[in-house]
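Got a structure for you, written out below as structure tokens; questions coming shortly.
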Protein chains: 2
Amino acid sequence: MTATPELLYLLSGDPVEFSQVVAGMQPADVAEAIRDLTPAAAARVLAALPFDLAVQVLDDPELEHRTAILQQVDVAAAVPLIDAMSSDQQAELFRELPEAERERFLPALARHTREGLELLLRYPPESAGGIMTTEVLTVPATWTVEQALQLVRRVGGAKETVYAIYVIDPDSKRLRHVVSLRELVLSDRNQPVTEVGTTRKVLTVGPYTDREDVARLISKYDLLAVPVVDKEQRILGIVTVDDVIDALVTELTEDVQKLGGMEALDEPYLEISIPRMLRKRAGWLAALFIGEMLTATAMGHFEGEISRAVVLALFVPLIISSGGNSGSQATSLVIRAMALREVGLRDWWRVAVRELPSGFALGAFLGVIGAARILLWQAVGWYDYGLHYGLVAMTVALALVGVVTFGSLAGSMLPFVLRRLGFDPASASAPFVATLVDVTGLVIYFTVALALLRGTLL
Amino acid sequence: MTATPELLYLLSGDPVEFSQVVAGMQPADVAEAIRDLTPAAAARVLAALPFDLAVQVLDDPELEHRTAILQQVDVAAAVPLIDAMSSDQQAELFRELPEAERERFLPALARHTREGLELLLRYPPESAGGIMTTEVLTVPATWTVEQALQLVRRVGGAKETVYAIYVIDPDSKRLRHVVSLRELVLSDRNQPVTEVGTTRKVLTVGPYTDREDVARLISKYDLLAVPVVDKEQRILGIVTVDDVIDALVTELTEDVQKLGGMEALDEPYLEISIPRMLRKRAGWLAALFIGEMLTATAMGHFEGEISRAVVLALFVPLIISSGGNSGSQATSLVIRAMALREVGLRDWWRVAVRELPSGFALGAFLGVIGAARILLWQAVGWYDYGLHYGLVAMTVALALVGVVTFGSLAGSMLPFVLRRLGFDPASASAPFVATLVDVTGLVIYFTVALALLRGTLL
């Protein structure tokens with residue numbers, strides 16, 4: 001896929017041939033090709049591209065070092081490119097620019113670019129206001145279809161999306177109606193725009209709506225864009241479906257990494273420097289390690305029992321890992337159900353009522369397997385668990401019931417606790433749950449052992 | 001959000017009032033509202049809805065029991081609804097219908113519906129061919145913009161998306177070009193359609209392309225739809241952006257559940273029956289348990305060492321869990337990098353070269369914390385690790401270096417092995433990695449102990 005060497009080679013040769021090859025490429029492919037170049041080399045390629053293509057390449061959010069590239073371009077050449085970018089990408093660019101660079105570019109930009117940037121940078125980058133584009137086609141409610149179509153023809157080339165045209169009240173500027181380009185094309189030219197399309201209320205979001213909720217809305221109602229409005233229902237911008245796909249892909253990556261028990265990387269795995277990656281991993285790893293140290297303390301409490309019945313120690317890893325595994329299943333189910341809004345904070349009780357019998361059943365299932373393993377090994381003579389092997393098997397089985405039930409319950413409740421405390425429930429990673437359940441698992445195991453084996457092994 | 005009780009109440013009252021309320025609702029909201037009704041009650045509501053709205057409600061993939069609902073409607077009433085649904089949703093419906101029901105509906109359906117179904121059902125449900133819609137606007141390459149716009153006006157209302165118009169060779173029917181509705185509207189009416197829009201090659205997929213790869217293409221190039229073509233470049237259908245969003249959301253759910261160490265549920269958590277859920281969980285749990293039984297075997301080998309130095313048993317959970325945690329981090333990083341196509345099968349070596357020093361550094365970091373914990377507890381007098389506490393601390397520290405290095409390496413390589421064997425790399429869940437690493441972790445720990453403590457404790 002990587003066209004990088006060719007691009008540089010072409011650039012050093014015939015300029016006509018270069019522009020011919022590049023004109024046939026998709027902007028996303030050009031962006032991918034120059035992603036591996038140094039900022040200086042990428043800036044040279046960018047300068048050689050036709051203006052429109054250069055803008056589209058810069059508009060691609062996957063061109064991760066575009067900030068560095070633009071710093072290699074002088075202000076006079078960079079400003080028209082930035083002015084022509086879509087407003088949401090301008091905002092993302094400026095969020096990444098160092099303060100000094102912002103100062104260098106800002107005064108030279110067109111007034112409407114500066115105003116758009118001021119608006120967008122006011123909102124958090126993960127909110128609807130932070131990812132919206134301010135290029136919106138609005139028409140007054142007094143217009144006809146013909147007037148609206150003429151406006152589309154006049155300005156359509158410059159707007160990111162013209163598939164939705166927003167109809168606003170001419171006086172209050174409130175959003176009243178939305179028509180799609182398709183509905184306009186299909187309608188009688190002399191009809192008022194307000195009579196075209198559905199009579200349903202327009203779906204809107206506020207500027208502080210979380211981008212994941214915007215994604216959910218667009219996905220649920222199959223929209224191409226959703227308008228962002230202020231408290232007076234005046235339109236601030238729109239979030240388009242491609243922004244939402246980007247948000248979903250980012251969310252997926254972050255969730256998978258969090259579930260693996262670490263901070264999200266925010267850089268491709270093979271590109272992030274090893275020290276940066278270690279910092280993202282070491283924090284959680286150390287936290288889990290310190291939590292897990294409690295197992296040494298718990299084991300210490302039972303050192304006497306272990307020295308009297310070493311056979312008990314053999315099953316420690318088996319039993320605590322079963323608690324961790326069942327907890328990890330329960331946690332991932334609840335995290336996902338929460339993300340899909342199938343389960344809310346108030347549903348914790350309904351979840352607990354499902355997990356308690358489920359954990360018990362799963363624990364009993366594993367308990368039977370575990371006891372059978374011990375009895376079989378003893379009968380065949382593969383291992384000698386001592387005189388009281390029957391009691392040992394029963395201890396392991398009952399401990400498994402207790403540990404798996406507790407693991408399922410604790411794992412399913414942890415996301416609720418995290419969310420109630422204001423954390424992301426996806427932080428309830430499998431390692432986190434396992435650590436939590438390990439200590440309790442040990443206590444359950446040795447307590448069962450004390451009850452069953454007192455007077456025989458203990 | 002649930003309007004269910006009101007809907008039923010309204011239905012039993014004034015029909016005019018019912019249709020007024022419902023006409024103001026989004027189809028997705030009606031679908032959500034009748035999702036909790038019995039199929040019979042839902043069928044009653046459906047029958048009372050205006051025809052167009054009923055079709056849109058049935059078209060919503062989130063109306064999960066629509067198959068059951070349609071079985072409550074008699075054929076004469078159901079057939080026009082099915083005929084009017086979009087072809088990808090017709091296919092999904094028919095995939096779920098029992099054989100006998102298919103036979104009941106099929107002969108009554110319109111011919112073009114039957115032909116479309118035959119085409120779509122030929123492809124796997126997770127392929128481009130399985131999720132595409134066959135409603136495509138094609139025009140011959142000899143047409144002008146005006147002719148194309150007239151076609152849009154004539155048939156636009158019935159097609160799922162008219163935002164892309166595909167230009168085909170009039171003789172060979174090969175796909176030659178694509179123009180957007182926006183480009184048509186912005187162009188001179190007398191221009192040939194072939195001269196409108198970009199000159200780039202049209203991006204296409206084959207019918208057997210995986211839907212996740214389709215999603216990646218649409219997301220990368222910010223498309224509203226991608227055409228599905230056969231080997232002769234003839235267009236079979238299109239996959240639209242909203243199908244892709246649905247595919248992404250499903251993928252996210254499946255990945256999270258697999259990472260939690262279980263089969264994907266394919267039903268909402270609170271709705272799936274407990275026995276069905278237990279079956280999805282018990283399989284993996286039992287497999288992990290049986291794998292983890294090897295820890296009991298491994299521990300059995302070192303029973304003599306444990307009975308001589310019970311202090312060693314205290315750190316077993318701490319050490320093996322650290323291996324599992326570092327392995328789970330490495331696994332989730334690699335799974336995600338693979339899904340984003342940042343890492344391919346051939347990159348296993350580049351990953352190993354990163355994970356080896358990373359694991360070593362993380363292990364050394366945890367080793368220092370672990371040794372410090374032992375020395376501190378001994379110094380303060382919180383626990384007595386015996387005469388050779390210094391050697392015990394060193395054993396724990398060195399074992400941690402070995403276990404965490406091994407965990408990181410094994411965790412990062414597991415997704416490669418799974419993918420090479422033809423499995424989904426996302427099956428390399430944290431519990432799976434932990435189980436794999438636990439046995440090796442025990443062997444590493446006791447081997448280090450034997451080397452360091454022989455002649456003193458052992």
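I'd like the residue in the range B:429-456 that is under 16 Å from B:A286 (Cα atoms) and of a type in the set (A, V, I, L, M, F, W, C) and, out of all such residues, is farthest from the other protein chains (Cβ to nearest Cβ).
B:L436
With A:V249, A:V239 as the choices, which residue is assigned to a strand (DSSP E or B), crowded, with 16+ Cβ neighbours inside 10 Å and within 14 Å of chain B (Cβ to nearest Cβ)?
Unique residue meeting the criteria: A:V239.
Still on this structure, please answer the following. Look through B:A91, B:A31 and report the one residue that is under 24 Å from the mean Cα position of the chain (by Cα), of a type in the set (A, V, I, L, M, F, W, C) and closer than 28 Å to B:P207 by Cβ. Even if it seems obvious, please write down each step before you answer.
Numbers: B:A31 fails: closer than 28 Å to B:P207 by Cβ.
Matching residue, one of B:A91, B:A31: B:A91.
Name, by its number, the condition in (1) hydrophobic (A, V, I, L, M, F, W, C); (2) closer than 28 Å to A:G455 by Cα; (3) assigned to a helix (DSSP H, G or I) that does not hold for A:L414.
Of everything listed in (1) hydrophobic (A, V, I, L, M, F, W, C); (2) closer than 28 Å to A:G455 by Cα; (3) assigned to a helix (DSSP H, G or I), A:L414 misses just condition (2).
Okay, next question. Does any residue of the range B:52-66 turn out to be part of a helix (DSSP H, G or I), surrounded by fewer than 20 Cβ atoms within 10 Å (Cβ to Cβ) and at pLDDT below 85?
No, because not a single residue in the range B:52-66 is part of a helix (DSSP H, G or I), surrounded by fewer than 20 Cβ atoms within 10 Å (Cβ to Cβ) and at pLDDT below 85.
Right, something else. Kindly provide the set of residues from the range A:397-431 that are touching a Gly at 6+ places or on another chain (Cβ under 6 Å) and either outside the structural domain of A:R281 (by TED's automatic domain parsing) or closer than 23 Å to B:G323 by Cβ (or both), ordered by number.
Across the range A:397-431, the qualifying residues are A:L400, A:V403, A:V404, A:G407, A:A410, A:G411, A:S429, A:P431.
Only one of (1) closer than 22 Å to A:E64 by Cα; (2) in contact with a Leu (Cβ under 9 Å, 6 or more places away or on another chain); (3) surrounded by 15 or more Cβ atoms within 10 Å (Cβ to Cβ) is not met by A:L137, so which one is it?
Here A:L137 clears every test but (1).
Could you list, in sequence order, the residues of the range A:252-292 that are under 11 Å from the mean Cα position of the chain (by Cα) and assigned to a loop (DSSP other than H, G, I, E, B)?
Correct list: A:A264, A:D266.
A further question follows. Report, by residue number, each residue of the range B:296-323 that is more than 7 Å from chain A (Cβ to nearest Cβ) and assigned to a helix (DSSP H, G or I).
Just the residues of the range B:296-323 that are more than 7 Å from chain A (Cβ to nearest Cβ), to begin with: B:297-298, B:301-302, B:304-305, B:308-309, B:311-312, B:319, B:323.
Listed by number, the residues that qualify are B:T297, B:A298, B:H301, B:G304, B:E305, B:R308, B:V311, B:L312, B:I319, B:G323.
Output the residues belonging to the range A:324-338 that are in contact with a Leu (Cβ under 8 Å, 6 or more places away or on another chain), among the small types (G, A, S) and facing chain B (nearest Cβ under 7 Å).
Hits for the range A:324-338 are A:S326, A:S332, A:A337.
The values are calculated or read from the model by the stated rules, or taken from the named source; none is laboratory data. None of these values were measured; they are calculated from a predicted model. As a convention, Cβ positions derive from the backbone with ideal geometry for all residues, glycine included, and neighbour counts pool all protein chains shown.
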